[in-house]
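Below you'll find the structure, written out as structure tokens, and then a few comments.
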Amino acid sequence: ALFEGWVAQTLRAQQAYRETFDDLTYWSTHDGGPRVEVDFLLRRGSEFVAIEAKSSDRFRPEFIQGLRAIGDLKGVKQRVLVYGGQETLKPEAGIQVLPVPRFLKWLENL
């Protein structure tokens with residue numbers, strides 16, 4: 001919970017100081033099946049960036065379940081998992097896995 005809160009505050013600060021995006025929300029399925037969610041959904045105009053936060057120092061494929069599910073949503077341009085590990089990964093097309101230092105650099109260029 002602390003890690004996700006830190007990511008939330010970092011995103012809010014980015015929006016307040018640099019106006020990088022228009023809106024910050026979250027996303028979840030509501031189709032009656034198992035609930036799948038993405039921690040943060042940034043909106044810039046009609047485009048979206050989906051961000052999932054996990055404090056683990058090791059990547060696990062189940063971490064990107066929500067990022068997979070949101071991939072077909074119209075306007076989603078980027079999907080990112082930020083985590084406590086050291087490796088930058090690309091487990092699937094369109095999904096980036098970034099350690100915290102790389103995430104902060106990525107956010108600067110958003």
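Pairs meeting the criteria (first residue in segment 16-29 and of a type in the set (Gly, Ala, Ser), second residue surrounded by fewer than 14 Cβ atoms within 10 Å (Cβ to Cβ) and assigned to a loop (DSSP other than H, G, I, E, B), beta carbons under 6 Å, at least 6 apart or on different chains) are SER28/ARG35.
Within segment 39-48, can one find any residue that is among the hydrophobic types (A, V, I, L, M, F, W, C), closer than 19 Å to GLY85 by Cα and out of contact with any Pro (no Cβ under 6 Å at 6 or more places or on another chain)? Among the residues of segment 39-48, not one is among the hydrophobic types (A, V, I, L, M, F, W, C), closer than 19 Å to GLY85 by Cα and out of contact with any Pro (no Cβ under 6 Å at 6 or more places or on another chain), which makes the answer no. Counting only residues that are out of contact with any helix residue (DSSP H, G or I) (no Cβ under 7 Å at 6 or more places or on another chain), over 24 Å from ARG35 (Cα atoms), surrounded by fewer than 20 Cβ atoms within 10 Å (Cβ to Cβ) and of a type outside the set (D, E, K, R), segment 86-103 holds 5 of them.
Quick one: in segment 42-65, which of the residues that are in contact with a Lys or Arg (Cβ under 9 Å, 6 or more places away or on another chain) and open to solvent by less than 40 Å² (accessible area, probe 1.4 Å) is farthest from LEU2 (Cα to Cα)?
It comes out as VAL49.
Scanning segment 66-85 for residues that are open to solvent by less than 70 Å² (accessible area, probe 1.4 Å), within 20 Å of LYS105 (Cβ to Cβ) and not in a loop (DSSP other than H, G, I, E, B) yields a count of 7.
The values are calculated or read from the model by the stated rules, or taken from the named source; none is laboratory data. This one's a predicted model, so the numbers in the text were calculated from it and none came from an experiment. Neighbour counts are summed over all protein chains in view; Cβ atoms, including those assigned to glycine, are modelled from backbone coordinates with ideal geometry. Calculation scope for accessible area: heavy atoms of the full protein, side chains included, ligands and nucleic acids excluded. Shrake-Rupley method; radii C 1.70, N 1.55, O 1.52, S 1.80 Å.
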